Amino acid sequence: MNWNKTLVLAASLFVASFHVQAQDNLINALKANQNDNSKSGFTFTEVINLANTSIKDQGSSGTCWSYSGNSFLESEMIRMGKKPVEISQIFSARNTYLEKAKTYVRLHGGLSLGEGGQFHDVLNAYRKYGALPQEVYTGLHYGANRNNFGEMTNMLDAMIGTFVKAKKLTPNWEKAYAAAMDSYLGEVPKEFDYQGKTYTAKTFADQVIGINPDDYIGLASVTDQPFYKKFVLLIPDNWSFDSFYNVQMNDLTSVIDNALAKGYTVAWATDVSEKGFSWKNGIAYVPEKPVEEMTETERQSMFVGPKPEAKITSDQRQQAFDDYSTTDDHGMHIVGLVKDQNGKEYYIVKNSWGTSNDYKGYLYASKEFVRYKTTSLLIHKDGIQKDLRSKMGF
């Protein structure tokens, strides 16, 4: 069968259902959270600023987890004394989507689809498929210079839904699904040349990137599971049902602090659909007063200079998770620590939405915001303090 012709026909049938990307909706929803004079109100002093690669733009694609996860691996290369390479974010995503499709059909459709994922998906794809340099596999075709996954996602969702509804999988379903991704993202090269040597994806991962996926630990914090034990974090994007170590709320920031002090960056999954999060102004904090109770003047000045913050309890954190006030919106990369003019500490966070904000692609998140809205962390096990490692049994 000519899969390319079949895919084009299928695309024409589903064109009416194309939708705006969830990632675009998220960014657009944050446009009101800004002030033109924000930057002049802050004076940040660097405490720690660990090496990281250039800011990227994930475009109209829900691949923040892959962009930030691979940014994290690139910083790991630097920490290990290697020359970093830009790792193909779309290769990681493509392989993850194929694995997600396999799980979807095994569960007879009982799984959330979409473009989202978790940081461990980057490691799992790395372990199974290897890695490619971005220059070898960009995922861009037909003159595109920016990701736009809307059409592809609709195509893939329609295909996989059809397979499941048929009640009987054919031997060709996986080949058809992969061919659909190839038609949008490009075929994966079996071999490629990089700086004078020939590699496969597996040999490139082993010989050039050189990280061990087993060295990395996922952390989360809930109150309905035993602390310092592994549990499956039940959020839609944990489609692979991977396990995380459950830590207490204050451990989240103590682990990040310890890691940064020892030279380890941290991959950070969090909720950014908050009134106290401004992408344009590059500030995330927990307002002391609910926005609904603020005066107009208070609302207008929310991001102009340091503001008092609410003190969050673990019960409040859990309640926000339980009632969907906290959602698993976004993945970013924590690379350092700063203090404002009042001495309050914020984490330096590398985003993947380009360089259009006040801090050219970075933002500053308060520790209170991180304690409140973190959904998970990914970190090298040696970045975790010894007493916590002992409690977790490794």
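Structure summary
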| read-out | value |
| --- | --- |
| Charge context of Lys83, other residues only, Cβ under 15 angstrom, K/R +1, D/E -1 | -1 |
| Per residue value of the accessible surface for the chain (all protein chains in place, 1.4 Å probe), Å² | 45 |
| Percent RCO, i.e. relative contact order, over the chain, from Cα pairs under 8 Å lying at least 6 residues apart | 25 |
| Candidate residues Thr103, Thr198: accessible-area rank, largest first, probe 1.4 Å | Thr198, Thr103 |
| Sulfur and carbon atoms: percent of accessible area, the stretch 264-323 [1.4 Å] | 50 |
| Three-way shape label, the stretch 57-201, alpha-carbon gyration tensor, a/c 1.5 | prolate |
| Charge context of Ala267, other residues only, Cβ under 14 angstrom, K/R +1, D/E -1 | -4 |
| MRE, 222 nm, helices only [DSSP H, n ≥ 4, -39500 (n - 2.57), over the chain, to nearest 500] | -10500 deg cm²/dmol |
| Mean separation of Cα contacts under 8 Å (6+ apart) over length of the stretch 246-357, as relative contact order % | 31 |
| Environment charge at Tyr359 (Cβ cut-off 14 Å; Lys +1, Arg +1, Asp -1, Glu -1) | +1 |
| Signed unit charges on C-beta, dipole axis of the stretch 148-228, positive-most listed residue Phe149, Gln207, Gln225 | Phe149 |
| Rounded accessible area of Lys289 (nearest 10 Å², 1.4 Å probe) | 70 |
| Whole-Hz ³J(HN,Hα) from phi, Karplus 6.51 cos²θ - 1.76 cosθ + 1.60, for the stretch 61-74, glycine and proline x | 8, x, 10, 3, 4, 7, 5, 6, x, 6, 4, 4, 5, 5 |
| In Å², nearest 10: area of Ser390 left accessible to a 1.4 Å probe | 90 |
| Euclidean distance of C-alpha centroids, the stretch 124-180 and the stretch 218-273, integer Å | 29 |
| Residue-level accessible surface for Leu169, protein heavy atoms, 1.4 Å, Å² | 70 |
| List Thr203, Thr96, Thr295, ordered by accessible area with a 1.4 Å probe, largest first | Thr295, Thr203, Thr96 |
| Of Lys102/Lys373; Lys39/Lys367; Lys289/Lys381, those spanning more than 26 Å from alpha-carbon to alpha-carbon | Lys102/Lys373; Lys289/Lys381 |
| Solvent exposure ordering (accessible area, 1.4 Å, most first) of Asp322, Asp257 | Asp322, Asp257 |
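The values are calculated or read from the model by the stated rules, or taken from the named source; none is laboratory data. In this text, all values refer to a predicted model and were calculated from it rather than measured experimentally. We place every Cβ from the backbone using ideal geometry, glycine too, and count neighbours over all the protein chains shown. These accessible areas exclude ligands, DNA and RNA; they are computed on the full protein's heavy atoms, side chains included. Shrake-Rupley method; radii C 1.70, N 1.55, O 1.52, S 1.80 Å.
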